[in-house]
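Trainee: Can you read through this structure? Questions will come right after.
The values are calculated or read from the model by the stated rules, or taken from the named source; none is laboratory data. Quick caveat: nothing in here was measured; it's all calculated off a predicted structure. Here Cβ is always computed from backbone atoms with ideal geometry, including for glycine, and neighbour counts include all displayed protein chains.
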Amino acid sequence: MLYDTYDHDTLYAALERRDPAFEGRAYVAVTSTGIFCRLTCPARNPKSENCRFFETVGECIEAGFRPCKRCRPLAKAAEGDPGVTKLMAAFEAEPERRWTEADIVALGLDPSTVRRGFKRQFGMTFLEMARLSRLRDGFVTLSGGGRVIDAQLDAGFDSPSGFRAAFARLLGQSPRSFTGGELLKADWIDSPIGALVAVSDRTHLHLLEFVDRKALPRELKKLREAAPGGIGIGRLPPTEQIAAELAGFFAGEGARFETPLAYHGSPFTREVWLELQRIPAGETRSYGDLAKAIGRPSATRAVARANGANQIAIAIPCHRVIGADGSLTGYGGGLWRKRKLIDLEQSYATKGKEKRHVPGNQGPDLLGAAS
């Protein structure tokens, strides 16, 4: 990971002197503007506390930042692949456009070739990049109390139906369905390994998932159906707290999470989740280890199912569970994220920053004993 090699101060110093040695090796994202740049960008340097550093352009985009129009980091990263370069130029000219494969073909490009090129350069397809960039703008507008029409325009959707459809795919409901009186509120949290959706009530965090996780719409649907009034848009205190704790986690300050959590699952499932939180950061366990720890040595498969049902990423650290042979096993957020999380936490243990946290009181269970 980036912080295994360079700390924040080193990277900020490189930004201040516009060091060409870091070209293509690190990017700076500015939280006060939502923009990411090359470290050689000629624009005035942001304050250190507003800077986050990433290894790749794809990580910047997944974290919800938009490319700088001055230093054009996307164009630089696309060099060497004519098809990617051509499509990125078109994207920079019309970032608000609702891009389709037909548009790619109209530019004289082969969709499958471009798809492979983008995956290689950015870790995502072009259409995924365009969708994330546009949808985030609309989400932020709604979270700030903006009107649906303003969110639609900020997201670059020409038609209300297109915006509602995209929003519905992410949250499972149209933005027009929000009343403002919902018990649960959803908001967007940026991170160095991708954007997350957090859902909280006024006292507890109910969900924390990466926006590209396939199970997210299903999990949100279960919460929406169980909670009085469904899910609205906004940031409540538990979301503020987990966002701050995640920022400290990725900044290298430690792996302690104290945000009150709501556990939705059967008693057995909750027992597994509580045991996950007892695994010290920097260490891993197998499913068999977990089964033994809760006094159910023959329940390895049930433990694996409970681990996979976790809907609070990172804070309930299901990423700390690996195969009995030491190999990485399935992770809803993607194995590449699992590896980065494990590597980061191992660096904490090495530096003596690991802080063990024993789970506290469980929050309200809107879903009863459903697993």
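Trainee: Can you tell me which residues in region 37-52 are buried (at least 21 other Cβ atoms within 10 Å of the Cβ) and modelled with pLDDT under 90?
Mentor: Residue satisfying the conditions is 52 alone.
Trainee: So residue 205 passes all but one of these: (1) farther than 25 Å from residue 129 by Cα; (2) touching a Phe, Trp or Tyr at 6+ places or on another chain (Cβ under 8 Å). Which condition number does it fail?
Mentor: (2)
Trainee: For region 189-226, name all the residues that are crowded, with 20+ Cβ neighbours inside 10 Å and either without any contact (Cβ under 8 Å) to a residue 24 or more places away in the chain or small (Gly, Ala, Ser) (or both).
Mentor: 191, 194, 195, 198, 200
Trainee: Would you be able to tell me the number of residues in region 35-54 that are touching a Leu at 6+ places or on another chain (Cβ under 7 Å) and assigned to a loop (DSSP other than H, G, I, E, B)?
Mentor: 2
Trainee: Which condition number does residue 131 fail, the rest of (1) charged (D, E, K, R); (2) at pLDDT 70 or above; (3) more than 23 Å from residue 57 (Cα to Cα) being met?
Mentor: Condition (3) is where residue 131 drops out.
Trainee: Still on this structure: Which of (1) more than 17 Å from residue 321 (Cβ to Cβ); (2) buried (at least 18 other Cβ atoms within 10 Å of the Cβ) does residue 229 not meet, given it meets every other one?
Mentor: (2) is the only condition that residue 229 fails.
Trainee: Restricting to region 232-242, name every residue that is under 23 Å from residue 341 (Cβ atoms) and surrounded by 20 or more Cβ atoms within 10 Å (Cβ to Cβ).
Mentor: Initially, region 232-242 is screened for residues under 23 Å from residue 341 (Cβ atoms), giving 238-242.
Of everything in region 232-242, those that are under 23 Å from residue 341 (Cβ atoms) and surrounded by 20 or more Cβ atoms within 10 Å (Cβ to Cβ) turn out to be 238, 239, 242.
Trainee: Determine whether region 334-348 contains at least one residue that is over 24 Å from residue 219 (Cβ atoms) and assigned to a loop (DSSP other than H, G, I, E, B).
Mentor: no
Trainee: Continuing with this model, one more query. Picking from 231, 189, which residue would you name as being under 21 Å from residue 317 (Cα atoms), of a type in the set (Val, Ile, Thr) and at pLDDT below 85?
Mentor: After applying the criteria, what remains is 189.
Trainee: Looking for something farther than 20 Å from residue 243 by Cβ and either within 24 Å of the chain's Cα centre (by Cα) or at pLDDT below 90 (or both) - is there at least one such residue anywhere in region 290-297?
Mentor: Scanning region 290-297, I find no residue that is farther than 20 Å from residue 243 by Cβ and either within 24 Å of the chain's Cα centre (by Cα) or at pLDDT below 90 (or both), so the answer is no.
Trainee: Here are some residues: 230, 252, 248, 194. Which one is within 28 Å of residue 122 (Cα to Cα) and more than 17 Å from the chain's Cα centre (by Cα)?
Mentor: 252
Trainee: Quick check on my filter: what residues within region 269-323 are under 20 Å from residue 215 (Cα atoms) and of a type in the set (Phe, Trp, Tyr)?
Mentor: 273
The rows are residues; the columns are (1) under 23 Å from the mean Cα position of the chain (by Cα); (2) closer than 29 Å to residue 236 by Cβ; (3) modelled with pLDDT of 70 or more.
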position	(1), (2), (3)
96	yes, no, no
114	no, no, yes
118	yes, no, yes
148	no, yes, no
151	yes, yes, no
171	yes, yes, no
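Trainee: Related question: Which residues, taken from region 25-34, are assigned to a loop (DSSP other than H, G, I, E, B), touching a helix residue (DSSP H, G or I) at 6+ places or on another chain (Cβ under 8 Å) and closer than 20 Å to residue 344 by Cβ?
Mentor: 26, 31
Trainee: Under 7 Å by Cβ, and 6 or more places apart or on different chains, what pairs join a residue from region 39-55 that is more than 7 Å from residue 28 (Cα to Cα) and touching a residue at least 12 places away in the same chain (Cβ under 8 Å) with one that is among the aromatic types (Phe, Trp, Tyr) and surrounded by 15 or more Cβ atoms within 10 Å (Cβ to Cβ)?
Mentor: Sorted first by the residue in region 39-55, then by its partner, the pairs are 48/12.
Trainee: Output the number of the condition that residue 246 fails; it satisfies all remaining conditions of (1) closer than 24 Å to residue 131 by Cβ; (2) part of a helix (DSSP H, G or I); (3) at pLDDT below 90.
Mentor: For residue 246, the exception is condition (3).
Trainee: Checking residue 232 against (1) part of a loop (DSSP other than H, G, I, E, B); (2) not assigned by TED's automatic domain parsing to the domain that holds residue 308, which test does it fail?
Mentor: (1)
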